[in-house]
Structures are given as C-alpha cells and as structure tokens.
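Just below is one structure, and these are the notes that go with it.
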Amino acid sequence: MPTAQETVIGRSTPRVDGPLKVTGTAHYASDHYFPGMLYAVPVEATIASGRVLKIDTAAAEKMPGVRAIFHRENIGKIFRSSPGQGFDGIVDERRPPFADDVVRYYGQYIALAVADTFESAKAAADGVRATYEKHEHNVERNLQADDEPDEVVTTFGPVKRLQSERGDPEKAFANAPAKIDQTYVTPTETHNPIELQATIALWDDGKLTIYEESQGVFNLRGVLAQMFGLEKENVSVITRFVGSGFGSKLWPWSHCALAVAAARQLGKPVKLVISRRMMFQAVGHRPRTQQRVRLGAKADGKLLSLQHDYLNHHAILDSYHEDCGEATPFLYSVPNLRVKFGRARRNVGSPTAMRGPGAVPGLYAIESAMNELAAELEIDPVRLRVLNEPKIDESLGIPFSSRHMLECYELGAEKFGWSKRKPEIGSMQRDGLILGWGAAGCAWVAARFPAEANVELRDDGTARVACGTQDIGTGTYTILAQLTSEKTGVPIEKIEVALGDTSLPEGPISGGSMVTGSLIPAVFEAAEHAIAALLTIATSTPGLPFEKRKPNELAFEAGKVFVQTEGAAKGVPFADLLKRANTRLVTGSGKGESTFGNPEPKFSTHSFGCHFVEVTWQPEIARLRVNRVVTVIDAGRIINPLAGRNQIEGAVVMGIGMALFEETSYDPQNGAPINSNLADYIMAVNADVPKLEVHFLDYPDKEINELGARGIGEIGLAGIAAAITDATYHATGVRVRELPIKIEDLLTSSVVS
Ligand code: MOS
C-alpha cells in the first residue's frame, strides 16, 4: 500500500478553495459589508509635478449623501512607516498621503470624498476642484543615470551599485575575438490583477481592523501600526482571498492609509476600492529598464567577458531598485564579469516588484545577448549555453545546491524537436507560414522566509492547519492541506485551512516564490508537536489501549496510533483516542527559520529552466503569433503538479504579453499613464496563447527543506521574452531589442513568402 507521502506530496490536487471561488462564496476584501459602512473615492492630481494651491470642496460637500471631503488640513496625523526587522513596515511610497502640498506624479491622491454610497462618493470626488502651480514634469522614456553615490538606498536598505565583479571584464572584452555590445529595453509594465486594490477599515475603541487584499498581512499590520501610532496588537489584518497580485499587493499603498484615516475621523467603517485607472498610477508598476550587455567570447563560443550595466526609472521621492543583475553573476561560467546599475528619477508613482522582479527584465537582456552571440558565431544557441554551463556559482565560489540546467535543455530540445532547426533566417515553413524557433534559459532565487504554523487534530477525525500567510491564487490553501495531510494522514477534504489573518501564527509574505518552501518546516514541526501531544494523551489517559506505554514506544502513521513493535495493523485512529480521552483536540505549533539573505551560504540556491518557442510569421499581413511553447523547469520537488503547471502556464502567458503587447505609456503633455484601462493596456488573452507544454524535472533540493521543494511562482516569466524575440528574428530577420515587439518593427523584414 502506498504511504501517505507517495500519495499526497507530488499528487495533482485540485484547489481546496476552488468550489468557494467558482460558486461566488469566497469573500474577497471588497465583498465584505458592515452596518453603517461609508464609501471613499480618492481625488487624483491632474498634473504630474507642481503644488496644490487650493482645493475647492464647497460644491462637493453639498452633494447628497456626502459625509466629508478630506485633504491635507483635515485628514489627521498619518506618520511615516520605516522598515523594521524582516518584512515589517515596508512600503514603496514612503511619503504618507497628503503629507505636503507637492504633486510628484499624475494621479497622486490630493483629497478623498466619503459618502453613504459609492456613487455619491464618486460624484463628490469628481466635484472637487483643485488649482495648481504647475512645474515641469519629467516622464522622458530615455534613461540616463542620475548622479548617485556608489552605495544607494533602496526600499529594503542600502545596496552597492557595483553588484558583482570578477577578473578584468573591460580588458577581456577588448581582446575578445567575438563581441556583442547591445542595449535592451523593457517598457514600464503595470500589474493588472483582476481584483482591484481595496481596503475596508474599521475602528473599535482604538483598535483597527482592516480587510485588504494583501500579499503580506503582517507587514501591513506593521505599516499601519506605525502610520497610526498604534501597538501592533491593536491592528488586525484580514485577507481571506486575493484575486491575484503579481507584486502590486506586496506592500501597502496610500489609498489604504487614507481609508484608515477617514474611518478614524468619521467613526464609521470605510470602504475604498481603487479604479482600474488608479491601478496604473499609485499602486506600483515594473519600471522601464535599459540594459547594456557586453559579451566577449572565443570563436568557439566560450565566454571571456560579461558586462551588464542597467538602469531603471524610479519615483521622485522613493528608492525602488529593479534588480536586473540578480541572476547575471551565476548564470554562466565566465572569468571576467561586472554587473552595475544606475537609476533615473521620473514623475511617476513608485515602481514596485512585479512578478519575477529584476530577473525577468534582466534575463530578457542577458539571454537575448547570448542568442545574438550564437547567431554571430553560427553556433546553435542551446550548444552555446551548454559550452558555458558553470560547475559552481562563480560569483560566490560555492556549489549550487541543485542545478540541472543542461538536463532542462536536453529535455526541452527533445520535446520541442529542436534538432530539426535550420538556422537560416526564414528557412523553415509549415502550411504557408514562416516558422521561427528560439530558446532561452531562466533562473529564480530559492530560499525560505521565516514561518510559523499551528496544526490541530480533532476528535471528529478532522484537522486544522493555520498560518498567517496568504493565498494569492497560487494554491497556498491547497499546499497547506497537502502538507498537513502528509504528516497526519487526515484526508485533504477533512482539513480546514486558515490563513490570511494576523491573529494566526506569523506567516511569510506571498512573494519571491517562497511560500511553499517556507511553510514546509513550520507545518511539519507543528504536526509533529500535535502528534506528540496526542501520544502523551494516549499513554496518560486511564482506560486507553496504550495506557501502560511510554510515548516513545508508540508510532503514528496514516492517522493511527500503534505500538511500534506491534505494527500499524493494530493501530487506533486518533479520533477514537481523543474521544475516549474526552479531549476535543490536540494542537502543536512549529517554526521554520529564514535562509533568505544568509550572509554566509554554503550553497547557491536557485531554480532553473528553459523555454523553447515557435512563432509563425505571415509577411503578407505582418502577423506574428506565438505558436508553440515548451518549458522545462527545475524547481526541486513539485508538491502539487496541477497547481505547479498552472503557475508556469500563467507565467508563460504573461511572457507572451511581455514580448508582444504590454507597455504603459506616459503622455508627455501631462505625464499621465494614458493607456490606463484594460482596453488600451494590451495583455495576452486566450486567442494569443497556443497550447503550452510544461515539464518539471522534480529533483528534490534538500538544502531548501526536507521535501526539497523550491518555488515556481515567478520563474516561468523569466527568459521567455528572449526566446520569443529570438524566434522572431529567426522567422523575420529583424532583431527587436526594445519590448514589446511592434508590427512596425517587423515591416522591415526581408522574409517574404
Ligand atoms: Mo512577487 S513580485 O514577489 O509578488
């Protein structure tokens, strides 16, 4: 008979929260209702730089149902939040809302209308008149590094601009027989989770409760405690379901503080849901990047030098750093390397992490340069990677915990049929269409955040697992149930999962693809402690079959307690023992330590993978489509292949959008993000997405946790754009180095049918 381990871990398990979602009974933040609740709508600045001279609220205040129009003079004190230990107190936009009369980006909130209904609040917000002293704004796309010191401040603390260096990259580049020196550009992109950002704030006797779609309830609690001068114990944050976040919900934004402040002033619950347009202005975006990559190589393709110099834009007051160089130092074997960054301030809302922050734009650039080098040297691009595969992490001088990049390429090439590739531009055709094939690798950091969890075994045979993390649509509810089932033998459907609440044991942020890996030690230890408590009861309760035994003579397997020497056949279900002991439940708590940011790691821990892409090109009508994608991911043990595949597929869909469609454009006239809606901000939809093939290698990485599971939320978006642009080059002969690929880029194609 298979053990629980063989059946639960690694089993494709449908979402335990799926039925709630498809029946509409899952309550997202904005679905909550409270008696007397008021509705708030922010007033947005319509200039991108300047000062607010006057806010005329007279007409708005007289509108029916309006309770108040708040602005700098009447909102009350809102303090600044500063980062504490770990992920606590973190915000990207540090200035509290309304803190001064300066406008630094279009859409910055300058006032807040509160009314009995959403419609009244919206009408009142529209009725507020602001006059400004306008200054010149800067939303210039082309970036040049601002004058900054060698060590700069970022959202998370100080960082050296020279990120990694070895050998003499300049000299090695100068002397290299083969060279690539190109600049790759990724545009501003906006996260567009379908669930809009929302806050409901309730005050009760000096205590604050927040319903919010947060990717980190404990960080949000810490931020609000600081902003409103409260003890953390007096702040509760509840996030039961999240309609996706992609990073835009990791750290709180100004609208949240505004809802809290308004509820405080009015003594009523206040709900604030931002609009889709506001999502493009004040809740983060992936910043534009410009990345110069210089590769020097021998004629046979062996890398001699790699230089990666990149820029990202950031906001006027804030310190966001898009870490495009995150994966560069360890990706390839190269004796001479330098990675350095600079930043340029613009009149935009603060950028923030967006799915695969850093590595996604970074690997687009590095992998594009590798593909260009392969073309230059007439070497197969996969072979070029094989030639330069490192044995260790050359930037840290330590081994990888588990790296199977070459096997990813091998399997991907086989599944895709890569050996049939003819390298000449436009040389492959099928059904009257020109085919283009491209490939690229991907990587994403793997580590654990600290996590605490609690597991209960109950006398009705059910179990409960609790952890104050969040499920942002990635499957965390299901993973928690699987882990608990694995240890306790309780079937998935009999496990209650509690998450998204600061009253629960402290859990990790839903970020960095690290939740699953972080939960494993905490949940396993909690379950072991609950089982230990059960065995104590089993041996200490008069009349039970194990009364005369010691706990260490007993074993627990598949939900049953038995004497080790007698074997599992004589086991007694834990529910029977609890009932006979008249004990409703036993409980245990567990804790996992952080490995994230370890200053002296023994191993370099990352996930790896690759994409193979086929595009079709119809020169007659300049139509480019992604026709086929094969992705292979080496992310350690896969706990739930169904949810895992779904993560990679979703990321590849986003990658198609990144390569072909997504771009937030700022109007040079007024500095506004002008395509700030789902009609004009184009994302990949079903019609753009072919059948996607995903394979996992499934090698456990025991450095990460005892199951060997790394993360899979973000890696699938890394590298894919480089594979698509190279496939496009193969089909059309046009090298596009600025995303997204536009039809007009391809009109210069020399390939005709
Ligand atoms: Mo992810 S950008 O860490 O939410």
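The values are calculated or read from the model by the stated rules, or taken from the named source; none is laboratory data. Keep in mind that this is a model prediction, so the values were computed, not measured. FYI the Cβ positions are ideal-geometry reconstructions off the backbone, even for glycines, and counts take in every protein chain you see.
Look at region 556-583 and say how many of its residues are more than 11 Å from A538 (Cβ to Cβ) and among the hydroxyl-bearing types (S, T, Y).
1
Might you let me know whether region 168-181 holds any residue that is of a type in the set (D, E, K, R) and within 29 Å of the chain's Cα centre (by Cα)? Give the steps one after another, and end with the answer.
Within region 168-181, the subset of a type in the set (D, E, K, R) is 168, 170-171, 179, 181.
Keeping just the survivors that are within 29 Å of the chain's Cα centre (by Cα) gives none.
No, region 168-181 contains no residue that is of a type in the set (D, E, K, R) and within 29 Å of the chain's Cα centre (by Cα).
Taking P64 as meeting all but one of (1) assigned to a loop (DSSP other than H, G, I, E, B); (2) in contact with a helix residue (DSSP H, G or I) (Cβ under 6 Å, 6 or more places away or on another chain), write down the number of the exception.
If we test P64 against (1) assigned to a loop (DSSP other than H, G, I, E, B); (2) in contact with a helix residue (DSSP H, G or I) (Cβ under 6 Å, 6 or more places away or on another chain), just (2) comes out false.
Please enumerate the residues belonging to region 241-270 that are within 16 Å of the ligand (Cβ to nearest atom) and in a helix (DSSP H, G or I).
None - no residue of region 241-270 is within 16 Å of the ligand (Cβ to nearest atom) and in a helix (DSSP H, G or I), so the list stays empty.
How many residues, within region 38-74, are basic (K, R) and loosely packed, with under 14 Cβ neighbours inside 10 Å? Spell out the reasoning first.
Step one: list which residues in region 38-74 are basic (K, R), which gives 51, 54, 62, 67, 72.
Right, trim to loosely packed, with under 14 Cβ neighbours inside 10 Å and you get 54, 62.
Qualifying residue count, region 38-74: 2.
Taking the stated definitions as given, is V572 buried (at least 24 other Cβ atoms within 10 Å of the Cβ) and either within 30 Å of W444 (Cα to Cα) or β-branched (V, I, T) (or both)?
Working: buried (at least 24 other Cβ atoms within 10 Å of the Cβ): no; either within 30 Å of W444 (Cα to Cα) or β-branched (V, I, T) (or both): yes.
In short, no.
So which pairs qualify, if the first residue must be in region 216-236 and within 25 Å of T476 (Cβ to Cβ), the second must be aromatic (F, W, Y) and at pLDDT 95 or above, the Cβ gap must be under 9 Å, and the two must be at least 6 apart or on different chains?
G216/W251; N219/W251; L220/W251; V223/W251; K232/F218; V235/F228
Identify the residue in region 511-545 that is at negative phi and within 16 Å of the ligand (Cβ to nearest atom) and, among all such residues, is farthest from the chain's Cα centre (by Cα).
Filtering region 511-545 down to residues at negative phi leaves 511, 514-542, 544-545.
Now drop any that are not within 16 Å of the ligand (Cβ to nearest atom), which leaves 511, 514-519.
Details: G511: 5, M514: 9, V515: 11, T516: 13, G517: 15, S518: 15, L519: 17 Å.
Filtering first and then ranking leaves L519.
Give E593, E547, E566 a once-over and let me know the one that is among the acidic types (D, E) and in contact (Cβ under 8 Å) with a residue 24 or more places away in the chain.
Working: E547 fails: in contact (Cβ under 8 Å) with a residue 24 or more places away in the chain; E566 fails: in contact (Cβ under 8 Å) with a residue 24 or more places away in the chain.
Matching residue, one of E593, E547, E566: E593.
Out of region 196-240, which residues are more than 16 Å from the ligand (Cβ to nearest atom), out of contact with any helix residue (DSSP H, G or I) (no Cβ under 7 Å at 6 or more places or on another chain), closer than 21 Å to S510 by Cβ and outside any strand (DSSP E or B)?
Across region 196-240, the qualifying residues are V223, R240.
Which residue is farthest from the chain's Cα centre (by Cα), if the candidates are limited to region 683-718 and must be within 16 Å of the ligand (Cβ to nearest atom) and either over 18 Å from S244 (Cβ atoms) or among the hydrophobic types (A, V, I, L, M, F, W, C) (or both)? Steps first, please.
Of all residues in region 683-718, those within 16 Å of the ligand (Cβ to nearest atom) come to 710-718.
Cutting the leftovers down to either over 18 Å from S244 (Cβ atoms) or among the hydrophobic types (A, V, I, L, M, F, W, C) (or both) gives us 710, 712, 715, 717-718.
Numbers: R710: 14, I712: 10, I715: 10, L717: 10, A718: 12 Å.
Only one residue tops the list, namely R710.
Suppose we keep only residues that are buried (at least 24 other Cβ atoms within 10 Å of the Cβ) and among the β-branched types (V, I, T) within region 358-388. Which one would you say is farthest from P329 (Cα to Cα)?
Looking at the filtered set, the residue picked out is V360.
If only one of G349, G342, G362 is within 16 Å of the ligand (Cβ to nearest atom), touching a residue at least 24 places away in the same chain (Cβ under 8 Å) and under 25 Å from the mean Cα position of the chain (by Cα), which one is it? Reasoning before the result, please.
Numbers: G349 fails: within 16 Å of the ligand (Cβ to nearest atom); G342 fails: within 16 Å of the ligand (Cβ to nearest atom).
From the options G349, G342, G362, the qualifying one is G362.
If M354 meets every condition in (1) over 25 Å from T728 (Cβ atoms); (2) part of a loop (DSSP other than H, G, I, E, B) apart from one, which number is that one?
(1)
Within region 490-507, does at least one residue satisfy the condition of being within 16 Å of the ligand (Cβ to nearest atom), among the small types (G, A, S) and out of contact with any His (no Cβ under 8 Å at 6 or more places or on another chain)?
Yes, region 490-507 contains at least one residue that is within 16 Å of the ligand (Cβ to nearest atom), among the small types (G, A, S) and out of contact with any His (no Cβ under 8 Å at 6 or more places or on another chain).
A124 passes all but one of (1) touching a strand residue (DSSP E or B) at 6+ places or on another chain (Cβ under 8 Å); (2) surrounded by fewer than 20 Cβ atoms within 10 Å (Cβ to Cβ); (3) of a type in the set (G, A, S); which number fails?
With respect to (1) touching a strand residue (DSSP E or B) at 6+ places or on another chain (Cβ under 8 Å); (2) surrounded by fewer than 20 Cβ atoms within 10 Å (Cβ to Cβ); (3) of a type in the set (G, A, S), A124 is out only on (2).
Right, V273: surrounded by fewer than 22 Cβ atoms within 10 Å (Cβ to Cβ), under 22 Å from P96 (Cβ atoms) and more than 16 Å from the ligand (Cβ to nearest atom) or not?
Yes; evaluated as a whole, the condition is true for this residue.
Given (1) basic (K, R); (2) buried (at least 21 other Cβ atoms within 10 Å of the Cβ); (3) away from the ligand (no atom under 16 Å from the Cβ), where does R355 come up short, assuming only one miss?
Checking R355 against (1) basic (K, R); (2) buried (at least 21 other Cβ atoms within 10 Å of the Cβ); (3) away from the ligand (no atom under 16 Å from the Cβ), the one that fails is (3).
Could you check, for region 391-414, whether at least one of its residues is within 16 Å of the ligand (Cβ to nearest atom) and in contact with a strand residue (DSSP E or B) (Cβ under 9 Å, 6 or more places away or on another chain)?
Filtering region 391-414 for residues within 16 Å of the ligand (Cβ to nearest atom) gives none.
No, every residue in region 391-414 fails to be within 16 Å of the ligand (Cβ to nearest atom) and in contact with a strand residue (DSSP E or B) (Cβ under 9 Å, 6 or more places away or on another chain).
Among the residues of region 273-299, what is the count of those that are in contact with a strand residue (DSSP E or B) (Cβ under 9 Å, 6 or more places away or on another chain) and either part of a loop (DSSP other than H, G, I, E, B) or of a type in the set (F, W, Y) (or both)? So that I can check it myself, show each step before the final result.
Start the filter on region 273-299 by keeping residues that are in contact with a strand residue (DSSP E or B) (Cβ under 9 Å, 6 or more places away or on another chain), which leaves 273-275, 277-278, 280-282, 285-299.
Pick out the ones that are also either part of a loop (DSSP other than H, G, I, E, B) or of a type in the set (F, W, Y) (or both) and you get 274-275, 280-282, 285, 287-288, 298-299.
The qualifying residues number 10.
Please tell me if V360 is among the β-branched types (V, I, T), closer than 23 Å to E93 by Cα and modelled with pLDDT of 95 or more. If you could, list the steps in order and put the result at the bottom.
Working: among the β-branched types (V, I, T): yes; closer than 23 Å to E93 by Cα: yes; modelled with pLDDT of 95 or more: yes.
In short, yes.
Which residue is surrounded by the most Cβ atoms within 10 Å (Cβ to Cβ), if the candidates are limited to region 389-425 and must be farther than 19 Å from G438 by Cβ and of a type in the set (K, R)?
R403
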